[in-house]
Structure formats: structure tokens, C-alpha cells
Amino acid sequence: MPSPGDSGAREQWPLWEVFVRSSRGLSHVHAGSLHAPDETMAVRNARDLYTRRNEGVSVWVVRASDITASDPDAKGAFFESPQGKDFRHAIYYTKSEGVAHL
Amino acid sequence: MVTTTHATATATATAPAAAATMADGDLSEDDRVGLARFLELIESDSRVEPTDWMPAAYRKTLVRQISQHGHSEIIGMQPEGNWITRAPSLKRKAILMAKVQDEAGHGLYLYSAAQTLGTDRDTMFEQLITGAAKYSSIFNYLTPTWADMGSIGWLVDGAAICNQVPLCRASYGPYARAMVRICKEESFHQRQGFEILLSLMNGTDAQAKMAQESVNRWYAPALMMFGPPDDESPNSKQSMEWNIKRFSNDELRQRFVDMLVPQAEILGITLPDPDLSFDEETGHWRFGELDWSEFYDVLKGNGQANSVRVAKRRAAHENGAWVREAARAYADKQAAAAATAAEAATLAQNEMVAA
Ligand SMILES: [Fe+2]
Ligand SMILES: [Fe+2]
């Protein structure tokens, strides 16, 4: 499924999801969405809409309809696998407590 | 910039929680599971996200509130846009333009949030210009003097902030996130308004008089932005149970008045309410009765500018139609050209491979 809000071809301009990198060294983070006729205009609109106060040094736009999301109804089953696998976390290992640099 | 839930204004929202309206037998197994999960999220003060199951009435309440809020931001550009060309200095003009641009942005954030609930922006635009949708009544007042730019910033944006800060914790994720962004931007709006009034109060007698008269006009309407008194706001209770609204209309109004009084003192402005007095016992400022007949009258469409505001919005929308069409046509043409070029490149490559 695409991202929520995508209206297919119902609207005059498609919906885009906007991701903003707030500064060098950080990831692009989802900021919101907007409407634009094409990718060039989407990037410009994203600059005007989401970076009016130096919020970003880079923006990505993705057509909402191009996003593939996990099935919201399969939540439990889909994300179940880490359950009961505490050994994936460092705190599972207690014997090394007190040992320096470990 | 603004939001009130205008609970009594829209008769559609009388529906209580879906759970109560649906006999248990009407619920499918999926709905039963979804509802249980929804109630759990609300109970634990967590957030509901777009793909979660939610009661139809919750969705409807949100779409109505968020779109009404978005429309208020969009219409709210007009009373101030009215002064951009006549701002008294280049600096004030730049500030006012930045503020009005922010309000456009707020409208777009909110339309996006509402769109995640299944009502697209084109539909909301349509509802606004046909008069099917409401926006905050405050924007149906005219702005005859420059001092009104001060009053709007100080009082109207001030009331909006008071209303919106708790909405940053609204249970619907996209709405709450939009509010966080909006609240960050609003603080400059209120301060610049305050400074406009302060400059006027420190100016000539005529300027001070202009500021006082403007505040006289905006004070009561700003207080009414929080919506009708609690006992006349039947839907507030449901909104509070759903963690959309965190404080009642009257609580927020009181909070606002308590903030205004000391600020007015600094400005040297008199708040136009002879009944304003400090209540030692409660630590709050008591204020006089508001004229709710005026509020309902403006809501009904009899404000100073109801028809002007919608007509102007409609004209802007219709005059922009060719731009939207042209941009769409250009995008389609570019995409077609890119597709043809890609096809040609593939063909050429295949031929080379074959040769
Ligand atoms: Fe504002
Ligand atoms: Fe705003």
C-alpha cells in the first residue's frame, strides 16, 4: 500500500512525501507531505513549505503512491520476531558486568 | 493560525463513541479487535496513526476539526494580506509577508493531516469555496487600521497559541505533529503583533489611540475564539474523552485572560472589560460576560466580511485554475518525453547487442 493520504488520480496534483536532512551527518527525516505536479516542483515546494527557517540542508521527495508500506493489519505477526530474543541486546549479557571497556 | 472546535456550530458531531452507537452484534470480528486496540491506545494516552482502525465518529470529528482549522489558516491570510502593500516600513512589510506565508504553510500542513484520514485537499478546497465548510469566525472581522496587524498578532495569534499548544498532544498522530510544527512558528507571530502595538503606544497620541481602539475591537472576538461556554459545547466532552482536546473552552479562555492582563499593562493598553478584576481566592482574573449573540450571528454569516472572504478565496482558486492545469500538462509532457527517450535508449542498446 502507498503512504496514507494518497488519493490516486482523484486529485489534480499528486501527493508527495517530504524528507528533510536538518544538517550534515544526519539522516533525512519525514517532515510531511505536499501536492505538486512533478518532482521538480515538489522539491521547490518542499523547500518553501518545510525549510523556511533553516530546517534543512537537503530535501528528498517521493511520490506517495510509490511508497510501499508494511501491512498495518499484520502488525503483530510481522513485527513479532524480536520477541523473546533479548540476546540481541547488550543488557542480556550480565556476567561481564564490572569488566572494563566491555 | 487559529482553531476553535466550534462544537455547537456543526450539528453533525453529536455521535458519541462508535462503541456506544453500534450494538455489539453489528460489529464484525475485525471491528471488535480494532475498537479494542483503539480504546487501548486512547486509554494509555498513546497516538492513533492513519492506518489504525478508528471509530467512524472519531475520524469524522477529526476531519471536521482539522479541515476547519486548515481553512482558518488559509482564510486568515486575508485580513493581514490586506496590509502588506501598506505596511509602514520595509521591515514591517517583510515581517508581515513572512507571517502570511507561515499561515499558508499552516493551512497546507493541516490539509495534509486531514488527507491522511481520507479526505483529499481538492475536496476540502471545494468545501471551503462553496461555503460548505466552516472556518474561525475571527477572520470575518475587518482590518481598517494598521494597529489591527498588532491586535491580530497579539490577540488572535495569542489565542490560537493558547488553543494549539495542548493540541500538540492530540491523540491523532499527524494532527499532533502538524501542531508541533505550527506552534514553533506561531511564537514569532504573537511577538511581532505585540511589538507593533508597543511601538504605537509609544508613538504620538493619535497612534496610541489607534492601538487602543483596535484592541477594543479585537479583544472580545479573540476571547470567543475558544468557542462557546462549556455548558453550550456538547461535543467538547467527547473530544476530550478521545484526547483530541485536552482542556475545555472555558479553561483555555481563562488561561488566555490571565496571560493578557499583565501584557496589557506593559503595553499601557486598557482591556475593554469593566468587569475585569483579580480574584484573590482563585488567583485568576474574572472577566465580564461575552456577547455570544454576536458570535452566533457572525457564525451564521452576518459578520463584517463573511461573503468577502469566501468570494476572494473562490476568485483566487478559480483564477489559479489555468496555472494548476498548465503545470499538470507540463509535468505529463515531461514524463511522456522521458518515457520516449528511455524507450529509444533501450531500443538502441538492444540493436547494439544484436549487432
Ligand atoms: Fe499565526
Ligand atoms: Fe497559523
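The values are calculated or read from the model by the stated rules, or taken from the named source; none is laboratory data. Because the structure is a prediction, the values reported are computed rather than measured. Using ideal geometry, Cβ is built from the backbone for each residue, glycine included, and neighbour counts are taken over all protein chains shown. These accessible areas exclude ligands, DNA and RNA; they are computed on the full protein's heavy atoms, side chains included. Shrake-Rupley method; radii C 1.70, N 1.55, O 1.52, S 1.80 Å.
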>> Based on this model, can you work out whether B:THR3 counts as open to solvent by 20 Å² or more (accessible area, probe 1.4 Å) and modelled with pLDDT under 90?
In response: no
> Somewhere in the stretch B:132-151, is a residue of a type in the set (A, V, I, L, M), away from ligand 2 (no atom under 16 Å from the Cβ), crowded, with 18+ Cβ neighbours inside 10 Å and under 30 Å from B:ARG47 (Cβ atoms)?
Replying inline: yes
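Looking at the structure I just gave you, is B:GLY283 surrounded by 10 or more Cβ atoms within 10 Å (Cβ to Cβ) and either without any contact (Cβ under 8 Å) to a residue 24 or more places away in the chain or within 25 Å of the chain's Cα centre (by Cα) (or both)? Full working, then the answer.
On the way: surrounded by 10 or more Cβ atoms within 10 Å (Cβ to Cβ): no; either without any contact (Cβ under 8 Å) to a residue 24 or more places away in the chain or within 25 Å of the chain's Cα centre (by Cα) (or both): yes.
Against the criterion (surrounded by 10 or more Cβ atoms within 10 Å (Cβ to Cβ) and either without any contact (Cβ under 8 Å) to a residue 24 or more places away in the chain or within 25 Å of the chain's Cα centre (by Cα) (or both)), B:GLY283 does not qualify.
Just checking, does the stretch B:202-212 include any residue being open to solvent by less than 30 Å² (accessible area, probe 1.4 Å) and more than 16 Å from ligand 1 (Cβ to nearest atom)? Show your work before the answer.
Of the residues in the stretch B:202-212, the ones open to solvent by less than 30 Å² (accessible area, probe 1.4 Å) are B:208, B:211.
This time we only want the ones that are more than 16 Å from ligand 1 (Cβ to nearest atom), so: B:208, B:211.
Among the residues of the stretch B:202-212, at least one is open to solvent by less than 30 Å² (accessible area, probe 1.4 Å) and more than 16 Å from ligand 1 (Cβ to nearest atom), which makes the answer yes.
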> Among B:VAL48, B:VAL100, B:VAL63, which is in contact with a strand residue (DSSP E or B) (Cβ under 6 Å, 6 or more places away or on another chain), at pLDDT 95 or above and not acidic (Asp, Glu)?
Replying inline: B:VAL48
>> Can you tell me how many residues within the stretch A:1-41 are more than 10 Å from A:ALA64 (Cβ to Cβ), in a loop (DSSP other than H, G, I, E, B) and facing chain B (nearest Cβ under 9 Å)?
In response: 8
> What are the pairs, 6+ residues apart or on separate chains, where a residue within the stretch B:126-150 that is over 19 Å from B:HIS71 (Cα atoms) has its Cβ under 9 Å from a residue that is open to solvent by 20 Å² or more (accessible area, probe 1.4 Å) and among the hydroxyl-bearing types (Ser, Thr, Tyr)?
Replying inline: B:ASP148/B:TYR141; B:GLY150/B:SER199
>> For the stretch B:107-153, which positions are over 17 Å from the mean Cα position of the chain (by Cα), under 23 Å from B:ASN82 (Cβ atoms) and part of a helix (DSSP H, G or I)?
In response: B:ALA147, B:ASP148, B:MET149, B:GLY150, B:SER151
>> Anything in the stretch B:51-89 that is assigned to a helix (DSSP H, G or I), within 15 Å of ligand 1 (Cβ to nearest atom) and either closer than 15 Å to B:SER239 by Cα or not hydrophobic (A, V, I, L, M, F, W, C) (or both)? List them, or say none.
In response: B:HIS69, B:GLY70, B:HIS71, B:SER72, B:GLU73, B:GLN78, B:PRO79, B:GLU80, B:GLY81
> Pairs under 6 Å by beta carbon, first residue buried (at least 18 other Cβ atoms within 10 Å of the Cβ) in the stretch B:83-107, partner polar (S, T, N, Q) and part of a helix (DSSP H, G or I), six or more apart or different chains?
Replying inline: B:ILE95/B:GLN192
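Residues being within 11 Å of ligand 1 (Cβ to nearest atom) and either within 18 Å of B:LYS93 (Cα to Cα) or open to solvent by 20 Å² or more (accessible area, probe 1.4 Å) (or both): count how many of those fall in the stretch B:158-175. Break it down stepwise before answering.
Taking the stretch B:158-175 first, the residues within 11 Å of ligand 1 (Cβ to nearest atom) are B:158-161, B:164.
Imposing the further condition that a residue be either within 18 Å of B:LYS93 (Cα to Cα) or open to solvent by 20 Å² or more (accessible area, probe 1.4 Å) (or both) reduces the set to B:161.
Of the residues in that region, 1 qualify.
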>> Consider the stretch B:176-201. How many of its residues are closer than 17 Å to B:ILE152 by Cβ, within 14 Å of another protein chain (Cβ to nearest Cβ) and open to solvent by less than 20 Å² (accessible area, probe 1.4 Å)?
In response: 4
>> Filter the stretch B:95-136 down to the residues that are within 16 Å of ligand 1 (Cβ to nearest atom) and of a type in the set (Gly, Ala, Ser) and list them by number.
In response: B:ALA98, B:ALA104, B:GLY105, B:GLY107, B:SER136
